[in-house]
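The values are calculated or read from the model by the stated rules, or taken from the named source; none is laboratory data. All figures in this text were calculated on a predicted structure; none of them were measured in a lab. Note that we place each Cβ from the backbone using ideal geometry, even for glycine, and neighbour counts take in every protein chain shown. When the accessible area is computed, the model is the full protein with side chains, heavy atoms only, and any ligands, DNA or RNA have been set aside. Shrake-Rupley method; radii C 1.70, N 1.55, O 1.52, S 1.80 Å.
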Amino acid sequence: MSTHHTKDFLFTYIFSTDHKMISKQFLITGFLMGFVGLIMSTLFRLQLGWPGESFEVVELLMGSWQEDGVMAPDKYLSLVTMHGTIMVFFLLTAGLSGTFSNLLIPLQIGARDMASGFMNMLSYWFFFISSVIMLCSLFVEGGAASAGWTIYPPLSALPQAIPGSGAGMTLWLIAMSIFIVSSLIGSLNYIVTVLNMRTKGMSMTRLPLTIWAFFLTAILGVLSFPVLLSAALLLTFDRSFGTSFFLSDIYIGGQVLDHTGGSPILFEHLFWFLGHPEVYIVLLPALGITSEVISTMTRKPIFGYRAMIGSMMAISFLSFIVWGHHMFLTGMNPFLGSVFTFTTLLIAIPSAVKVFNYLTTLWKGNIKFTPATLFSIGLVSTFITGGVTGLVLGNSALDINVHDTYFVIGHFHIVMGLSAIFGMFAGVYHWFPKLFGRMINNKLGSLHFWITIVSSYGVFFPMHFLGLAGVPRRYYTFSEFPMFENMVDINELISVFAIAAMIGQLVFFFNFVYSAFRGPKAPMNPWKSNTLEWTTPVEHFHGNWYGDIPTVHRWPYDYSKVDANGEFVYGEDFIPQTTPLGDNEKDGGEH
Amino acid sequence: MATIVSNNSHYKDELKRKNSKPLLWIALVSIVMFFGGMTSAVIVSQGGGSFIPIPMPIGFTISTYIIIVSSFVFHFGLIAIKKENYGLAKISVVLTLILGLSFVFTQYMGWVTLHDNGFYLTGKESTQESSFLYLITGLHIAHLIGGLISLIVVLVKTVKKRYNSDDSVGYQVSLTYWHFLGGLWVYLFFFLRYSIA
């Protein structure tokens, strides 16, 4: 393995099969998509905070999508739909998992690359094409899809239903189908790489928790995305070829349609069979990253390593048998509802185990407050505050009262959106030296964290009260409803926080770009971490290690290990996985 | 940026040998979930009550026998490869290819029968059951086309004697996929026979 060779630009930076370059491609594409989603949310928050008012920025950004500086109602729906789609799938699924699974799986398990570098490249390019198509759908006649990110029929199944049901919806389906293919190809590769390519000594109980999280995420993807693909296919046939899987006895514009016998509830079943595991596809990588960051930055072994693995497995399994809690109001048999309530509430147990373990790892730790640490602690916070309201929504008797209100928006943005993006930021700050060979500015990172956490709680916490007051989601304006008049101020406040959150992200983007090119050069192991990625040279090359791949002798969380005299065992407060076990020394992962 | 893996053919061959089968197996799991989604959709939609049974066309029954036989024939080819009997292996792959194409033809005949009996894929006179019947069988064919393409690749490599008793991973991958397609069809046939027909 010594054919050093300089490749040309095209195959180094564009059609690369090196997992590290593909990781950067996923990161940058994901962030660009996320930025688009962020701008969209700011625009529709302007409408919700100050309905009917004219804003120059809206005129500037939206062109014909507004009339006299005011956003048109159907365009509002498009923005909400596209914001949800882009954030859930393009930023937090492909952006998060694509970036860190690609970067860390080979590096942390001790492999030169993925099981198939070609499939890995293919996975990114499918993602890229699907991103381009999704963005193009903003500019077609009738505008982008506007049936909500869950694209329930009949709005998504009848091209004539609303303006966004036309070409925009068709492109949404094409883009998502390609996205699913990308996700499946990626997941196949991640699973096989973890199972088949680990270096000598890297048993499953010596894997960092990041790898366990990516591994389980990939399994969830392989099992759930094909079902969404089947739903998308049936929907395409209903839309374009005149079948009636999801449609029945529809009158539209005074015209009776031919469709008969179908049911939109069928779509909900198929959608949420993916939709709920998708929550954990988004969340598990963030939880894995948090485990790694918290342990490294507190200089303590992760508390309950095996319990963490077990709880992630339990969450993954349970995520497949809870989808009905999204459908309590579809006329579901109350007994079936109670079954879904039971399985949903069970998820609280492994989730609580994880939170307990994070807190006990942090407890009395020698915490180094880097931006990655702050975002990880932020994740623990949002996982708790968002998880608690999950107990309300998972219970059919309570959910019925707040279904489709802002309570739901507040809940899932905190537990899924914020937790996942906090995990992603933690990952970017922590592995920035590995990604770009340079250090990112910590002060700007901390500023970014504090603006983000304050403003995002400012956005989503008050939404619970709006929801409890019955304010429904997805409405263009509440100014026409006297019963919501006293909610105007809260909506305005939320919008102010949303604008602040957006400005906070500009700090991050500046820091990210500046540090990637001008940041100080990174040392080989800046965080004094135990895992294998920090044994590779700072300079990237295809193959990761120049010589033989290192052998692993211990689990990855031997921090602050002291002997009987209270001295560090090897003179440092960390023991890399490559250090052989001493006499009578036990491996932390084995018990 | 230097590389120590991209142009290393030994490394690539080793990767291929090691990972082709696991990659295929995981891909098969996702195909199972895809068809699981489809057949679950049939069950959920029948919860609505009214449904018109559809007689299973004889073409589908014949194609079931064909695909089972083809699996055995293709498997004999692997045994021949292990004994490096390339003549027999070639016959086996060609026969499998012919049987695969016959499967497609008998499926087509099944659709013609359905159409002649007034069961349509789309339109005013179609029912959910008839649409599902066409779509699910059609999707199986779509997957089978992948199998036929892999058979052609295997045939070319068999003719060129690229496989031997030590290295027949490519053949085995194609064979596993073919067996899977057969098993999948048998499941779909009985599922459709007892849920729709």
Is it fair to say residue B:170 is open to solvent by 20 Å² or more (accessible area, probe 1.4 Å), in a helix (DSSP H, G or I) and touching a residue at least 12 places away in the same chain (Cβ under 8 Å)?
-> yes
In region A:189-219, residues that are at the interface with another protein chain (Cβ under 10 Å from one of its Cβ atoms) and either hydroxyl-bearing (Ser, Thr, Tyr) or touching a residue at least 40 places away in the same chain (Cβ under 8 Å) (or both) total 8
State yes or no: is residue A:587 touching a Gly at 6+ places or on another chain (Cβ under 8 Å), open to solvent by less than 40 Å² (accessible area, probe 1.4 Å) and either free of Cβ contacts under 8 Å to residues at least 12 places away in the same chain or among the acidic types (Asp, Glu) (or both)?
-> no
Selection from region B:105-133 of residues that are open to solvent by 30 Å² or more (accessible area, probe 1.4 Å), under 21 Å from residue B:196 (Cβ atoms) and under 23 Å from the mean Cα position of the chain (by Cα) | B:108, B:109, B:111, B:112, B:113, B:121
Some residue of region A:416-439 being assigned to a loop (DSSP other than H, G, I, E, B), under 17 Å from residue A:508 (Cα atoms) and open to solvent by 20 Å² or more (accessible area, probe 1.4 Å) = yes
Criterion: in a helix (DSSP H, G or I), within 12 Å of chain B (Cβ to nearest Cβ), of a type outside the set (Gly, Ala, Ser) and open to solvent by 20 Å² or more (accessible area, probe 1.4 Å) - qualifying residue of A:234, A:266, A:270, A:229 = A:229
Residue A:160 fails exactly one of the following numbered conditions: (1) part of a loop (DSSP other than H, G, I, E, B); (2) open to solvent by less than 20 Å² (accessible area, probe 1.4 Å). What is the number of that condition?
-> (2)
Go through region B:18-50 and count every residue that is facing another protein chain (nearest Cβ under 8 Å) and not in a helix (DSSP H, G or I).
-> 2
From the set of residues in region A:37-91 that are without any contact (Cβ under 8 Å) to a residue 60 or more places away in the chain and on the phi > 0 side of the Ramachandran plot, which is most open to solvent (accessible area, probe 1.4 Å)?
-> A:68
Could you run through region A:237-263 and say how many residues are open to solvent by less than 30 Å² (accessible area, probe 1.4 Å) and within 35 Å of the chain's Cα centre (by Cα)?
-> 8
Do we find that residue A:94 is hydrophobic (A, V, I, L, M, F, W, C), in a loop (DSSP other than H, G, I, E, B) and either closer than 30 Å to residue A:204 by Cβ or open to solvent by less than 10 Å² (accessible area, probe 1.4 Å) (or both) in this structure?
-> no
Checked pairs for region A:537-565, first within 14 Å of chain B (Cβ to nearest Cβ), second among the charged types (D, E, K, R) and not in a loop (DSSP other than H, G, I, E, B), C-beta under 7 Å and 6 or more apart or across chains, list as A:540/A:20
For region A:503-524, indicate whether the set of residues that are farther than 30 Å from residue B:10 by Cβ, open to solvent by 20 Å² or more (accessible area, probe 1.4 Å), not in a helix (DSSP H, G or I) and not basic (Lys, Arg) is non-empty.
-> yes
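Yes/no per residue for (1) in contact with an Asp or Glu (Cβ under 9 Å, 6 or more places away or on another chain); (2) more than 25 Å from residue A:283 (Cα to Cα); (3) among the charged types (D, E, K, R):
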position	(1), (2), (3)
A:100	no, no, no
A:109	no, no, no
A:123	no, no, no
A:167	yes, yes, no
A:170	no, yes, no
A:174	no, yes, no
A:178	no, no, no
A:188	no, no, no
